[in-house]
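Colleague: Let me give you the structure first, and then I'll get to my questions.
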Amino acid sequence: MTGAAQKARHPVPCGSHVLGDGTLFAIAGPDVLESRELALTTARGLREAADRLGLPLVFKSSYLKANRTAGSSYAGPGLEAGLEIRAEVRRETGLPILTDV
């Protein structure tokens, strides 16, 4: 389908949204979690913008980005700290949360 949202064969519930039901939605957030403060500030700003636009939003950010070009590059806070930050983003903003594996 060109220029229109295509309905998925198997829509997926995500928070209060259903992804793949033909409704436009956004997935946004920092590539990798850098700090609790930055994650919360970013999530709040994205939530405000999505609410103004009437656009369903899913917050996405990785807690461990192992595919960096340089092995010494920052890769994230790790599993435990990353899950804690993401849980706080969820509690404070109400946004559904997504990550890559």
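Colleague: Give me, ordered by chain and number, the residues 5 or more places off Gly76 or on other chains with an amide H under 5 Å from its own placed amide H.
Modeller: Amide H neighbours of Gly76: Lys65.
Colleague: Also: How much accessible area per residue does the chain have, counting only protein heavy atoms and a probe of 1.4 Å, in square angstrom?
Modeller: With all protein chains present, the chain gives 65 Å² per residue.
Colleague: Another one. How much of the accessible area of the range 50-99, in percent, comes from carbon and sulfur atoms when a 1.4 Å probe is used?
Modeller: 54
Colleague: Determine the gain in length on full extension of the stretch Glu92-Ser16; use 0.36 nm per residue of separation and subtract their C-alpha separation, reporting nm with one decimal.
Modeller: Value of the extension gain: 25.8 nm.
Colleague: Counting each DSSP H run of 4 or more residues in the chain as -39500 (n - 2.57), what helix-only mean residue ellipticity at 222 nm follows after dividing by all residues, to the nearest 500 deg cm²/dmol?
Modeller: After summing the helix terms and dividing by the residues of the chain, the value is -11000 deg cm²/dmol.
Colleague: Using label points projected 7 Å from each Cα along Cα→Cβ, tell me how many nm separate Asp31 and Asp51, to one decimal.
Modeller: 3.0
Colleague: Using a 1.4 angstrom probe on the protein heavy atoms only, line up Lys60, Lys65 by accessible area, largest first.
Modeller: Ranking Lys60, Lys65 by accessible area, largest first, yields Lys60, Lys65.
The values are calculated or read from the model by the stated rules, or taken from the named source; none is laboratory data. Predicted, not measured: the structure shown is a model, and the values here were computed from it. Neighbour counts run over all protein chains shown; Cβ positions are idealised from the backbone, glycine included. Note: accessible area is taken over every heavy atom of the protein model, side chains too, but ligands, DNA and RNA are not part of it. Shrake-Rupley method; radii C 1.70, N 1.55, O 1.52, S 1.80 Å.
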